[in-house]
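Heads up: the structure comes next, in structure tokens.
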């Protein structure tokens, strides 16, 4: 049985891929593809949390009240039970299992963590293919900031940008990321893709992702989701950032009613349509300085026919 593990990266259309896979999971199952996910979610967030080392800070685990070693042990036990239940329910005609969590890319930054994933899958997998989309870091940091504000962030963009550049283990140093994943799963099993419409096989992200599967699929059989995770405009980011002081995402550890946050974000987005957040010339230069060498190495190894990794 083959596994396709979509690891993100964040802000490269992962939500659209997950919505698409979840919407079509029964059709895909008839064609021999099993899509694993958390109950009540369209992704498999628990699996990336399970793979993280003890003590690795993670907001998702905190929200699930997993704060102590005993609570983590109980979480891991429940996850393994659910994982093996889903795998045990796979019928004989299932030939490919698909897992998607962009948090693999953003959370697993240690060899032991990635090896934990390989060990978990090895009981069932004859081969594991890792699929990862990568994006120009200048555009990515702006999109990440929009998401941070949607999640209750209060810091202004200049502070966020400085922290982004100063990260010690930086997930957007793509050559280092793929060195880690290739060391564990084999470089020949890495499917590195550009988050770029001009690069997509089939012209769209969803078509490109389906074409990473081992057998041809008639895409006309698959429904296309309407969901789009749109970034806020520059003005929208600032409006919502200020509103977050009065309507925080959580109070004393308790998450505010999700429906209200959705209403607040949608209202701000509707009232502040316009140009999205972009870096100024000085910030662009700092991004080039930080990532140019890594991008050149990534381009040379995975896209040798391109002059540069990302288009201007």
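Any read-out appearing in this document is the output of simple, stated calculations on the displayed coordinates, not a laboratory observation. From a predicted model like this one, the values you see are computed outputs, not experimental measurements. Neighbour counts run over all protein chains shown; Cβ positions are idealised from the backbone, glycine included.
Using alpha carbon coordinates only, what is the Rg to Rh ratio of region 135-226, with Rh defined as the Kirkwood radius?
Result: Rg/Rh = 1.05.
Can you give the convex hull volume of the alpha carbon atoms of region 176-312 per residue, in Å³?
218 Å³
Give, to the nearest whole percent, the P(r) tail of the chain beyond 23 angstrom, counting all Cα pairs.
Distances greater than 23 Å cover 61 percent of the Cα pairs.
Can you give me the pair-distance distribution of region 49-138, C-alpha pairs, 10 Å bins, whole percents?
In order of increasing distance, the bins hold 13, 42, 33, 11, 1 percent.
Of the beta bridges DSSP finds with both residues in the chain, what % are antiparallel, to the nearest 5?
Roughly 15 percent of the DSSP beta bridges within the chain come out antiparallel.
Where does each of 267, 272 land when they are ranked from fewest to most other beta-carbon atoms within 10 angstrom?
Starting with the residue having the fewest Cβ neighbours, the order is 267, 272.
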